[in-house]
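Colleague: Following this message is one structure expressed as structure tokens.
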Amino acid sequence: GENVEQHPSTLSVQEGDSAVIKCTYSDSASNYFPWYKQELGKRPQLIIDIRSNVGEKKDQRIAVTLNKTAKHFSLHITETQPEDSAVYFCASSGGSYIPTFGRGTSLIVHP
Amino acid sequence: DTAVSQTPKYLVTQMGNDKSIKCEQNLGHDTMYWYKQDSKKFLKIMFSYNNKELIINETVPNRFSPKSPDKAHLNLHINSLELGDSAVYFCASSRPGLAGIDEQFFGPGTRLTVL
């Protein structure tokens, strides 16, 4: 089955700095790579996703890059703000209905 | 206008009891899921279910069983509750895309505490 590794488990940055979270996956058939943000006490919500036919996708301050050859994808947040503080999860899935999630990264943005 | 809803929000019960958590989605999605999130925030998928098949994570004890009365509902029934079942349980739904699954829409979660 698919295995998704996510690093780091905790990331602490100063407001205004950039944050990068990395994930690797094992199944070369995987073709959908979403990122979810979970604020304290809330549900996970999709913030950005990428499919295997695209190498990079941006949405304002967040971007995701995908390297299918190396089987890794990354989340980039620029100009971090305190409200970016949350747990971020990467995930991957292929042709099945079962997504595999990473173990999460707790991002702390200090004012 | 809630897309995915769960009840109850909190559930406190004694070991050995049987309990159910209800989930409903009004998105018209074909596939629904149950996840368990433990104290370390790890999101573990328990079940995936659509009108064609039930996919069970083989690590889930058979004390857990999903029940779907119709396409918009997927309830989770738990028998003989144990201390280790304490966690937050999330329901989710998804519309299968052209290449597998699409975005997961999560419910608000049910915090289960087993005493």
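Colleague: Being polar (S, T, N, Q) and modelled with pLDDT of 95 or more: is that true of residue B:7 here?
Modeller: When the stated conditions are applied, residue B:7 passes them.
Colleague: Taking residue A:18, is it more than 9 Å from chain B (Cβ to nearest Cβ), farther than 30 Å from residue B:36 by Cβ, among the polar types (S, T, N, Q) and more than 13 Å from the chain's Cα centre (by Cα)?
Modeller: Values: more than 9 Å from chain B (Cβ to nearest Cβ): yes; farther than 30 Å from residue B:36 by Cβ: yes; among the polar types (S, T, N, Q): yes; more than 13 Å from the chain's Cα centre (by Cα): yes.
Judged against the criteria, residue A:18 is a match.
Colleague: Hey, another quick one. Please go through the stretch A:42-59 and pick out each residue that is buried (at least 17 other Cβ atoms within 10 Å of the Cβ) and not in a strand (DSSP E or B).
Modeller: A:43, A:44, A:52
Colleague: Say we look at the stretch A:55-111 and pick out the residues that are more than 17 Å from residue B:103 (Cβ to Cβ) and in contact with a Gly (Cβ under 7 Å, 6 or more places away or on another chain); which of these is nearest to the other protein chains (Cβ to nearest Cβ)?
Modeller: Per the criteria, the residue is A:87.
Colleague: If you don't mind, another one. I need the full set of residues from the stretch A:60-86 which are of a type in the set (S, T, N, Q) and part of a strand (DSSP E or B), in order please.
Modeller: Of everything in the stretch A:60-86, those that are of a type in the set (S, T, N, Q) and part of a strand (DSSP E or B) turn out to be A:65, A:67, A:74.
The values are calculated or read from the model by the stated rules, or taken from the named source; none is laboratory data. Keep in mind it's a predicted model, so treat the numbers as computed, not measured. Cβ sites come from the backbone with ideal geometry, for glycine too, and all protein chains shown count toward neighbours.
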